[in-house]
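Heads up, the thing below is written out as C-alpha cells.
The values are calculated or read from the model by the stated rules, or taken from the named source; none is laboratory data. Worth saying up front: this structure is predicted, and the values here are computed from it rather than measured. Cβ placement follows ideal geometry from the backbone for every residue including glycine, while neighbour counts extend to all protein chains displayed. Areas reflect the complete protein model, heavy atoms only, side chains present, ligands, DNA and RNA absent. Shrake-Rupley method; radii C 1.70, N 1.55, O 1.52, S 1.80 Å.
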Amino acid sequence: MANIALPAPRITDASGHYDLSILDNPRARSYYRRFDGILIIVLFSFLALGISIHYALTAGDWDYWIDWRDRRWWPLVTPLSLMMFIGGFVYPIWKAFRLPVIATAVTTLLCLVSWVSRYFNFGQFTDFPLSFTFPSTYIGLGVIFDSVLIMTRSLLISAIVGPFLFGALIWPLNWPLFAASKVPVEYSGTLVSVADLMGYQYIRTTTPEYLRIIEESTLRTFGGSVTPLTAVFSAFVAVIGYSLFLLLGAALYNFAGRYARRII
Amino acid sequence: MNTAKSRSPARYLGNALVLGVLVLLALPMEAVAHGERAQLASMRMRTLHWFDIEVSPVRVNVGDTIVITGKFIPSEFWPEQLPSVTDTAFLNVGAPGPKFIRVHSEVNGVPMIRSTAFEPGKLYEFKSVVRARVPGRYHIHPLLNVKDAGTLVGKGSWVEVEPSPTGEPFTNEITTLTGETVDLENVGLKSVIGWHLVWILVGVAFLAYWLAKPELFIPRYMRVRNLGPEQANTMITRRDFLAGGIFFTISMVLILAGYLWAEHKYPVTIPLQTGKVGVPGRPVPSGPLVVEVENANYELAGRSLTMRMKLANEGDSPIEIREFVTANIRFINGPAAAAGVVENEELVAGDSLHSSVSTIAPGQHVDVVLRAEDSLWETQRMTGLIHDPDSRFAGLLVYRDAEGKRYYQEVGGSILPKFF
Ligand SMILES: [Cu+2]
C-alpha cells in the first residue's frame, strides 16, 4: 500500500523523467480519485470560508444593500476585493496542477454562500426583503478570467487580460440585476431611486444614510460618462490588485516548496 | 481498504467546514440589540435632550401606521471628545431590524430622507411615521445617528403588532416616475433570481468540466512535475482550449444580452441619490427666567443630583419649577400624573424633584437648591458619572407661569461627586 499512498516515486529513467506507470494502476487510480474528492471538498470549503470572510471585510456593506451599489465605488471596490483573493490562489493551483478553475470556483462559491447568508441572516433572521439585499453576481467574470488563462496558458498575459475584463465587465454583468432599483421615484418632494427609497424605508438602525460611500465626484468627471470611465479605472485597479496578490501567492508557494523539500 | 470507512472522515470534514461557513457568516449589524443604558452617563446627559416623545397607537395590525413624535435640543455642553451634531446626522428609528418600514420623517417640517445637521441650543420637533410589517412586540425609539459619534437614543415605547386581520401579506407598493407600480418587497426579484440561476448554471458547468476529469490533483501534479516547466502547459489540451473558448464566448454573449435586456426593460434610470438637506432650528422657549448655575453635586449614596443656581424672574407672572429632564429621565416636582405623562411612559419619576423655593415671583432674584433624587439614577446606570473623563452635567429645566404656559431651557455645568 505504501507505494500507492506516496504520490511521487523518485525513480527517474535515463532521460530524467519520473516513473508514471503507477498512474496506469487501476487501484492507484481509484485511490487518487477518492483523494481528489477529499481535496475538492477541503479546497472548496476553504475557498468558501475564506472568500466570505475576506469579502465581508473588504466589500461588506457595499454588497449587502442595493442602495450602496453605485456607479462609482461598488464597481471599483468589489473587483479589487475579489481579484486580490483570487490572485493569491491562482499561482499555486496553476503551477502544481495546471488547473485554471480558481476564479470560477471563488465566484461561484461566493454566490452560493451569499445567497444562504442573505436568505437566512438578512431575510429569515432580520426580516430584510431579498429585493433589498440580494447578492450581486460575479460568476461570469470568474468564467471569463479562467477561460483567458486556459486560452493563453500564460500567467503573465492572463494577469493583464483577465483582471482587466474582470474590472471592466462588472457593471454590465450586474446591470440586469440592478436596473430595476435605479428607476426614479418622487418621494416627499425629493427625487430618489427605488434603491434609495428602500434604504430609507427598510429601517437600518446602525447604517444611516450618510454612511454610504457612493457617487463621490471629482472635477475630472465628464458629464454622462461616469460608467465607462469607472470601468476603465476599475479594470486597471483590478490588474494591479491581482498582480500584487499573484506575486504574493507565488512567493508563498515557492517558499513553502523549498521548505517542504528541505524537511522531506 | 474499506470504502465506507475511508469516506466518512471526508464527509465529516466537509460537514464541519460547511457548518463553519454558516456560523462565520456575518450577521447584519442591524440585528444587534440597542444599548440604551450602555452609553456613558455624560454622553446621555450632554448630547441630545429628547422630550415630549409620544408613540401612538401602541397596538396595531400589520400594515397600520404608527406615529412617533417628539422634540430634541442638541446640548450646548456637547462633549469636546465627541464629533458634533453640527456636522452630519440622520433621524432614525430604533427598532430590531425592519419590523416596520418608515414611510415619512420630518424635522421642523423638513422631510428627512437625507442626512442633515443640527445646531446646539436650538429646538427641533420631529415626526416619524412607520408602517408595521412583521408581527411581534417591539421597543421602538426615536434615534439620531451622528456621523463618527454613533447613535443617540431617545425614550423607547413598547409597541404590539398583530397579524393583519384579513391575513393578507404585507405589501409596499409605490409608483415610480416612469408610471409603473411596484411592490418594494419584491421589486425586480424575479429577474435577479433568474439571472443568478443562469450564471450559477454557467459556473457549475465550467467547474464540472474540470472536476469531472479522471485525473485531478495528485495525478496532475505528477504529470506537471514530469513534464517540467517548459512542457507543463501541454496539460491544457486542445479540448480544454476549445471548452475555454466556448465558455468565454457564452459568458461574453450573456453579459451583452443581459445588459441590452436591462437597457430595454428599464430605459429610464438614475444614479443613487445622496446629499444633505438643511433644517432651520427654532429658538428654545425659555421665557422670562434667567438661570445661572453655581455648582452641582452628585451624591452616590443618596442617588441624587443637587444643583445650586441663581434664578431671576424677569417676567410679570410667577414661575414654578416643574421638571428636570436629563438622559431621557423626567424628574418631576409633584405627582407624575399632573405633568402630562403619556400612557405607559417610561423613565418618569414623580415627586423626585425638590426645590428650595416653590415659586419665583416677578422680578425676584433668588438662590435655589434643586435636588433630583430617584433610584432611576442607579437603574439607568447614571452612577457612572464619576468615571467620565469630563465631569459636567446638563439637562432641561422645565417651568411654567401662572397661566400654565410651559417654558424650558438647558442648564448645566461642572459636577462634583460626594462619596458620603
Ligand atoms: Cu429599547
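Using +1 on the beta carbon of Lys and Arg, -1 on that of Asp and Glu, and nothing else charged, what's the dipole of chain B about the Cα centre, debye to 20?
Magnitude of the dipole: close to 2340 debye.
Membrane-span-like helices in chain A, defined purely by DSSP H runs whose alpha carbon atoms cover 27 Å or more axially and whose average Kyte-Doolittle hydropathy reaches 1.0, are A:74-97, A:226-263.
For residue B:48, the residues whose modelled amide H falls within less than 5 Å of its own, excluding neighbours fewer than 5 places apart on the same chain, are B:75. Counting protein heavy atoms only, the stretch B:295-362 has 47 percent of its accessible area on carbon and sulfur, 1.4 angstrom probe. Residue by residue along A:25-34, Cβ atoms of other protein chains within 10 Å of the local Cβ number 3 on average.
Each of the trypsin sites (Lys or Arg not before Pro) that DSSP puts in a loop and that has at most 14 other Cβ atoms within 10 Å breaks chain A; the longest unbroken stretch is A:11-219. Both radii were evaluated on the Cα set of the stretch A:130-205; the Rg over Rh quotient, with Rh as the Kirkwood radius, amounts to 1.21. Amide H to amide H, with H built 1.01 Å from N, residue B:170 comes under 5 Å of no residue 5 or more places away or on another chain.
With a 1.4 Å probe and all protein chains left in place, how much accessible area per residue does chain B have, in Å²? If you can, show how the numbers build up before the last one.
Details: 19430 Å² over 420 residues.
Computed with neighbouring chains in place, this is 46 Å² per residue.
For the stretch B:35-177, the normalised intensity computed at q = 0.20 Å⁻¹ comes to -1.19 (log10 of I(q)/I(0), Debye sum over alpha carbons, equal scatterers, no solvent).
Taken as entire DSSP H runs, the helices of chain B that both span 15 Å or more between Cα atoms along their own long axis and average 0.0 or more on the Kyte-Doolittle scale are B:3-24, B:189-211, B:238-265. Apply the Kirkwood formula to the stretch A:26-263: the hydrodynamic radius equals the inverse of the mean of 1/r over all pairs of different alpha-carbon atoms; give it in Å with one decimal. Final number for the Kirkwood radius of the stretch A:26-263 is 19.4 Å.
Could you run the numbers on buried accessible area between A and B, total for both chains, 1.4 angstrom probe, in Å² to the nearest 100?
On the way: alone 15750 and 24730 Å², together 29920 Å².
Looking at A and B, the buried total is near 10600 Å².
Inter-chain Cβ neighbour count for B:258-267, averaged per residue, equals 5 (cutoff 10 Å, partner chain atoms only). Of B:393, B:247, B:217, the residue with the greatest mean-square motion in the GNM of chain B, using alpha carbon springs below 10 Å, is B:217. Here's the list of lysines a cross-link from residue B:190 could span, going by alpha-carbon distance under 18 Å and ignoring same-chain residues fewer than 8 apart: A:182, B:265.
Neighbouring Cβ atoms from other chains, within 10 Å of the Cβ of residues in B:222-228, number 6 on average. When all alpha carbon pairs of the protein assembly as shown are counted in 10 Å bins from zero, the resulting P(r) reads 3, 13, 20, 18, 15, 12, 9, 6, 3, 1, 0, 0 %. Bridging of residue B:127 to aspartates and glutamates at a Cα separation below 12 Å is possible for B:52, B:54, B:106, once same-chain residues fewer than 8 apart are set aside. Convex hull volume of the Cα atoms of the stretch B:244-324, normalised per residue: 326 Å³. Build a GNM of chain B with springs between Cα atoms under 10 Å apart, and of B:358, B:304, B:115 the one that fluctuates most is B:358.
If you put +1 on each Lys and Arg Cβ and -1 on each Asp and Glu Cβ, how big is the dipole of the protein assembly as shown around its Cα centre, in Debye rounded to 20? Don't skip to the answer; put the middle values down first.
Numbers: 59 positive and 58 negative charges, 789 e Å.
With Lys and Arg at +1 and Asp and Glu at -1, about 3800 debye.
How large is the helix-only mean residue ellipticity at 222 nm for chain A, computed as the sum of -39500 (n - 2.57) over DSSP H runs with n ≥ 4, divided by its residue count, in deg cm²/dmol to the nearest 500? Can you show the working numbers first?
On the way: 11 runs with 168 residues, N = 264.
That comes out to -21000 deg cm²/dmol.
Of the residues A:251, A:59, A:28, the one that moves most in a GNM of chain A with alpha-carbon contacts below 10 Å is A:28.
Separation of the stretch A:78-115 and the stretch B:252-280, taken as the distance between their Cα centroids, equals 28 angstrom. For the stretch A:26-263, averaging the sequence separation of C-alpha pairs within contact (under 8 Å, six or more residues apart) and dividing by the residue count gives a relative contact order of 30 percent. Within the assembled protein chains, the solvent-accessible surface assigned to residue B:396 is about 0 Å², based on a 1.4 Å probe.
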